[in-house]
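This report refers to the structure that appears directly beneath it.
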Amino acid sequence: MREGIRRAIALGAALVLCAGCFAGCGSKDSSSGKEGSTIAMEDLDYGATLRIDKKAYGVPLQYDKRFFEDEAALQVIGNYYRSIVENDPALFESVQLPAYLDYTIKTVHNSEFTTAELVQATHDSWVENMNGDFAYSLVDIVGCEVTRTYTGITTILDMLDSIQEGISDRIDCIYELTVNIYLTPADSGIIGVETQTKKEGQVLFLFHTDDQWYLIYN
């Protein structure tokens, strides 16, 4: 059964919808560039103003503060990663659009597995990778893109409309995040640093609709 679940996860596009439009991508502060030129803070590339928060979101999270002025968006990201380490299906469900989660279980997984079984399988695979219980030493959001529709954002909106008619019209905006996850043994006490064991380049789609954040993970 466990192997069947893992195969289903590998085959299924397990997506997590991140709700929310990142309010105000940057302040009006400025920074000096080459030859004395001045560059507005909001015009700097993602990563120019990194911040690490070790406690507020349940996991040590590093992000560019200009892109995440709404703390609710960061909480959704933190809750998603917490749901895996804590093996908590209710927390996992809380970050997903209900209609999409229902679609995933019924269509992608043919109703063969429950949400609890899917979360359990993901948790177990990470435990196996670490040879024991694990924690996050760092969840590092290394990229944030807004207009890269060629990566599948348009397709995702179309897909969402197919399972919940007209929802794309209620999505304020959608972002594509790239995340590196660093793992450490659960009892190591290491927090907020990059460790040797990592899962690199995970893609999250984050969006906001009806005053709620959701995410889709890849």
Add +1 for every Lys or Arg and -1 for every Asp or Glu among the other residues with Cβ under 11 Å from the Cβ of ASP53, and state the total.
+3
Over segment 54-119, with neighbouring protein chains present, the accessible area per residue in Å² at probe 1.4 Å is 41
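If DNA, RNA and ligands are ignored and the probe is 1.4 Å, what is the ranking of ASP187, ASP88, ASP64 by accessible area, most exposed first?
Numbers: ASP187 140, ASP88 45, ASP64 0 Å².
The ranking, largest first, comes out as ASP187, ASP88, ASP64.
Taking only C-alpha pairs under 8 Å that are 6+ residues apart, what is the relative contact order of segment 64-209 in percent? Provide the component values of the computation, followed by the final result.
On the way: 181 pairs, mean separation 31.5, N = 146.
In percent, rounded to a whole number, it is 22.
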Unit charges at the beta carbon, dipole of segment 31-151: most positive-side option, ALA135, LEU61, TYR81:
LEU61
Quick one: which residues, 5 or more positions from HIS208 or on another chain, have an amide H under 5 Å from its amide H? H modelled 1.01 Å from N in the peptide plane, none for Pro or chain starts.
GLY20, CYS21, ASP172, CYS173
Say each of ASP45 and GLU165 gets a label point 7 Å from the Cα, pointing the same way as Cα to Cβ; how far apart are those two points in nm?
4.6
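The values are calculated or read from the model by the stated rules, or taken from the named source; none is laboratory data. None of these values were measured; they are calculated from a predicted model. So basically every Cβ, Gly included, is an ideal-geometry build from the backbone, and we count neighbours across all protein chains shown. Ligands, DNA and RNA are excluded from the accessible area calculation, which covers all protein heavy atoms including side chains. Shrake-Rupley method; radii C 1.70, N 1.55, O 1.52, S 1.80 Å.
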